[in-house]
Amino acid sequence: MNIHEYIKFLRRAINNVEEVYFGNQNWIDSMLNVHNIKSQDKKREKLMPYLSMHNERVFCYELYHQLRKIMEENRLNEKVILQAELRKAQVSDEITQLFGVNSTDGVYYPDFLIHEPGTYENQDLIIEVKANPKLSTTDMLNDIKKIDQFINRYNYKKGIFLAINVNKERYNQLMTNDHLLNSLEEQINSKNEILLMFRESAKEPTISINLANLLQ
């Protein structure tokens with residue numbers, strides 16, 4: 001089954017992304033300090049999400065390059081390609097009836113899709129990425145809900161939520177947050193098909209856990 005190979009490719013691609021592309025907390029602090037925005041300045045917290053969003057795009061561009069290179073070197077299916085930030089609109093009633101799929105709740109732009117374009121066959125993998133060192137439970141839940149919709153409504157086989165720049169302390173806070181865990185238990189249907197991955201930096205290993213195992 002190619003899906004497991006694609007996940008291996010993703011792990012290799014993440015390992016190939018150098019530290020400069022992560023844009024971690026130290027980089028964010030240095031950018032704010034250069035502009036003389038001190039730690040007690042209220043603007044600091046407001047700017048953090050925007051800087052993290054910039055870092056997320058930089059990381060995703062490099063990850064796309066690394067993953068596409070690996071996929072092209074190990075062609076598993078000529079029809080299946082990697083696409084980034086592809087607009088996924090809600091589908092019409094005719095498409096729903098013809099292909100046996102259901103519309104998502106809104107228009108989404110997934111960070112990465114590994115699939116066969118123009119059809120609902122070979123919908124292999126959806127990947128969502130977050131780069132904020134202070135990753136919120138709301139952002140994490142929203143991305144996982146989006147992944148769940150693609151699995152349940154568009155027939156994607158697996159989904160991955162990848163969070164970078166999250167240190168061990170924040171990781172432990174998220175993994176033990178009762179509100180987040182209860183929300184995931186109640187709102188996510190495809191728990192077995194969703195993998196959570198955390199990578200603090202290029203120097204640290206990737207932590208992976210299946211969502212169903214987390215919620216046991």
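Values for this structure:
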item: Any hit, region 187-196, residues being within 20 Å of Asn132 (Cα to Cα) and either modelled with pLDDT of 95 or more or within 18 Å of the chain's Cα centre (by Cα) (or both); result: yes
item: Of the criteria (1) modelled with pLDDT of 60 or more; (2) more than 19 Å from Lys158 (Cβ to Cβ); (3) touching a Pro at 6+ places or on another chain (Cβ under 8 Å), which one Ile81 fails; result: (2)
item: Restricting region 184-216 to residues that are in a loop (DSSP other than H, G, I, E, B) and of a type in the set (Asp, Glu), the residue that is surrounded by the most Cβ atoms within 10 Å (Cβ to Cβ); result: Glu200
item: Residue list for region 141-156, filter: surrounded by fewer than 19 Cβ atoms within 10 Å (Cβ to Cβ) and charged (D, E, K, R); result: Lys145, Arg153
item: Residue within region 121-130 that is touching a Gly at 6+ places or on another chain (Cβ under 6 Å), on the phi < 0 side of the Ramachandran plot and free of Cβ contacts under 8 Å to residues at least 40 places away in the same chain present; result: yes
item: Any hit, region 171-183, residues being closer than 17 Å to Arg11 by Cα and not in a strand (DSSP E or B); result: no
item: Condition check for Leu180: over 21 Å from Gly23 (Cα atoms) and crowded, with 16+ Cβ neighbours inside 10 Å; result: yes
item: Members of region 167-184 that are free of Cβ contacts under 8 Å to residues at least 40 places away in the same chain and touching a Lys or Arg at 6+ places or on another chain (Cβ under 8 Å); result: Arg170
item: Failed condition for Asp124, given (1) over 21 Å from the mean Cα position of the chain (by Cα); (2) at pLDDT 60 or above; result: (1)
item: Number of the exception - Ile151 against (1) touching a Gly at 6+ places or on another chain (Cβ under 7 Å); (2) outside any helix (DSSP H, G or I); result: (2)
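The values are calculated or read from the model by the stated rules, or taken from the named source; none is laboratory data. These numbers were taken from a predicted model, which means no experiment stands behind them. Heads up, the Cβs are rebuilt from the backbone with ideal geometry, glycines too, and the neighbour counts pull from every protein chain shown.
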